[in-house]
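Worksheet: the structure to be examined is printed underneath.
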Amino acid sequence: MPKMDHATLTAKELHSRAEACWLQRQVPDAPTRSNADNLQLIHDLEVHQIELELQGAELERTRAEMEVALAKITDLFDFAPVGYMTLDPNAGISEANLAAASLLGFERPQLANRSFRSFVAAKDLPVFAGFLQRVFTGNGREHCEVALVVDGRAECEVEMEAVASESGRNCKLALSDVTERKRAAEDRLILSKLESTGILAGGIAHDFNNLLTSLVLNLDLAQTLGPPDGEIARCLEEVKKTAFMARSLTQQLLTFSKGGAPILKITPLKEVIRESVRPALSGSSVGCDFALAEDLWPVKADPGQISQVLRNLVMNAREALPEGGVVGIRAENVVRRSPGMPALPPGGYVRVSVIDHGVGIPPENLPLVFDPYFSTKQRGTCKGMGLGLTICHTIIKKHGGAMAVRSTPGQGSTFEIYLPAATAAVAVDPAAPPTASLTRRRILVMDDEEKLLTVFAKTLRKLGHEVEMVENGQSAIAAFTAAGAAQRPFDLVFLDLTIRNGLGGREVIQALRQINPAVKAIVMSGYADDPAVENHRRYGFDAAMVKPFDLGRIQEVLKAMTGPVSGPA
């Protein structure tokens, strides 16, 4: 039979050859078929032809389905969010999907025959070598985490899983980018550490503020021993200001890690601005240019926290001027409808601007400057952790204000804070020396810090009051009960919120109000953000004093607590 090449034959040639093959198969002298036999043969051939046509159609349908399935599998492989690759025992890449190519920063054709080792960070090459050996010598799936380095891009962390093929000539490898997941875990760890540090700092701040209160009250008493306008009095006043500045150091961490709420009062800003800026520029070659409006509105603010914000902003401006220069401080009154203002409720605001002409902020970093997870400072090698602006933003938001930034690289930056103006101004009287009160009162003071208790009682006696001191809650309740029984009730009680190994202010005030519901009580604490301080009336107190406090604050509270207390009901 002649050899047939179906790939080159036309339909006509194929038919001719088929006829020739049929003739060769005929047997000589074969008996002649009848017409019935021929008809049966034709029928069988036609049926067989139809069978072949049906088989051909079925094959065509199966082929089409296989092509669709192959296309789906190819799409799943190509567009899967996870990178897939085929590696040989030497880590050569023979196949990669789009996700893998994108992760490595190459087009797929460029990855052919490249070694995957060239993408593995040098520090992780031994780890990857051991992983690949286990894949080709073991019988199951192997896992590994390494860092990849791509030209022009930062390191990224990937998680890999691979299994060898049955032939052992290659392995299928899946890799996932876990950089964000690991970064989020690191951030959670940082926040957890911040929270723990905040708890520790809270305890330190409490004890520290007790010591500062004792220091400040002793300074106030010392000022009474000489002329109020003498050199010694001025030096003592500077020491007192420094003591109050020391309190703000512990408050910085508390504000961010615990969300410390501000203690709001009507505050003229000019002196706060000047007193905050000078220490931040001390010892540097950077000067300051003040432009403070003469008619600047007072604001309802926590002076300590606003001072902290201004110091942070001025420190940032100082760092932007390594060769020296001038930081501009502007303060002016604005209303909500002024152009360029952030979205704020209608009303009047005081805008304070801190302006430098330094290096500026790159445009891509500008939207991130208040993000706690963003910093241009490398943690552990530079001062701070990049939280300064985040703390500022947190404080201003808690004051009902807003913060904005404008910057041009190479020309400098302007940070603006907006604080709601107070509805009315209050006159600020200069600190007056202690004078005896016109109304002599019997006062009970409870605090577990002996030095603070002593100087506080001494200050109250200097003001002309009769004072009894106790160091714990049980003693306070006993003294209050005895005074009522002797018809010599206390007019006021000062209760420390936290007492070591005993009843604190919360528990004591409940007991005292059961004895005498009309008792006038003031809570004292070094925890400014404690609910019993922020919402003291809800807890049964008439006023709150945050440590450290001075003589002026004591006089304010005594003046507010008017009217004697009646005896037990």
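Observations, loosely collected:
- Among the residues of segment 229-253, those identified as more than 20 Å from Phe549 (Cβ to Cβ) and modelled with pLDDT of 70 or more are Asp229, Gly230, Glu231, Ile232, Arg234, Cys235.
- Any chance Gly388 is small (Gly, Ala, Ser), surrounded by fewer than 19 Cβ atoms within 10 Å (Cβ to Cβ) and modelled with pLDDT under 80: no
- Residues within segment 511-563 that are small (Gly, Ala, Ser) and within 19 Å of Ala479 (Cβ to Cβ), tallied: 4
- The residue that is modelled with the highest pLDDT, counting only those in segment 143-158 that are touching a helix residue (DSSP H, G or I) at 6+ places or on another chain (Cβ under 9 Å), under 17 Å from Arg183 (Cα atoms) and not hydrophobic (A, V, I, L, M, F, W, C), is Glu145.
- Taken over segment 532-556, residues that are crowded, with 21+ Cβ neighbours inside 10 Å, of a type in the set (Phe, Trp, Tyr) and not in a loop (DSSP other than H, G, I, E, B) amount to 0.
- Of the residues making up segment 462-480, those that are in a helix (DSSP H, G or I) and either closer than 21 Å to Arg440 by Cα or among the β-branched types (Val, Ile, Thr) (or both) number 5.
- Residue selected from segment 161-181 under the condition part of a helix (DSSP H, G or I) and loosely packed, with under 14 Cβ neighbours inside 10 Å, by the criterion modelled with the highest pLDDT: Arg181
- Residue in segment 139-153 that is surrounded by fewer than 16 Cβ atoms within 10 Å (Cβ to Cβ), assigned to a helix (DSSP H, G or I) and free of Cβ contacts under 8 Å to residues at least 24 places away in the same chain present: no
- Pairing residues of segment 96-113 that are assigned by TED's automatic domain parsing to the domain that holds Val150 with residues that are acidic (Asp, Glu) and at pLDDT below 85, at Cβ distances under 6 Å and at least 6 apart in sequence or on separate chains, gives Asn97/Asp78; Leu98/Asp78.
- Among residues of segment 481-504 that are assigned by TED's automatic domain parsing to the domain that holds Glu466 and in a loop (DSSP other than H, G, I, E, B), those with a Cβ under 6 angstrom from a residue that is at pLDDT 90 or above and small (Gly, Ala, Ser), sequence gap 6+ or separate chain, pair up as Pro489/Ala483; Phe490/Ala483; Leu497/Gly504; Leu497/Gly505; Thr498/Gly504; Ile499/Gly473; Gly502/Gly473; Leu503/Gly473.
- Number of the condition not met by Ala424 [criteria: (1) more than 13 Å from Ile306 (Cα to Cα); (2) modelled with pLDDT of 70 or more]: (2)
- Residues in segment 507-531 that are buried (at least 21 other Cβ atoms within 10 Å of the Cβ) and either at pLDDT below 90 or not assigned by TED's automatic domain parsing to the domain that holds Asp496 (or both): Ser525, Gly526, Tyr527, Ala528, Asp530.
The values are calculated or read from the model by the stated rules, or taken from the named source; none is laboratory data. Values in this document were obtained by computation on a predicted structure and should not be read as measured data. Every residue, glycine as well, gets a Cβ built from its backbone with ideal geometry; the counts of neighbours run over all protein chains shown.
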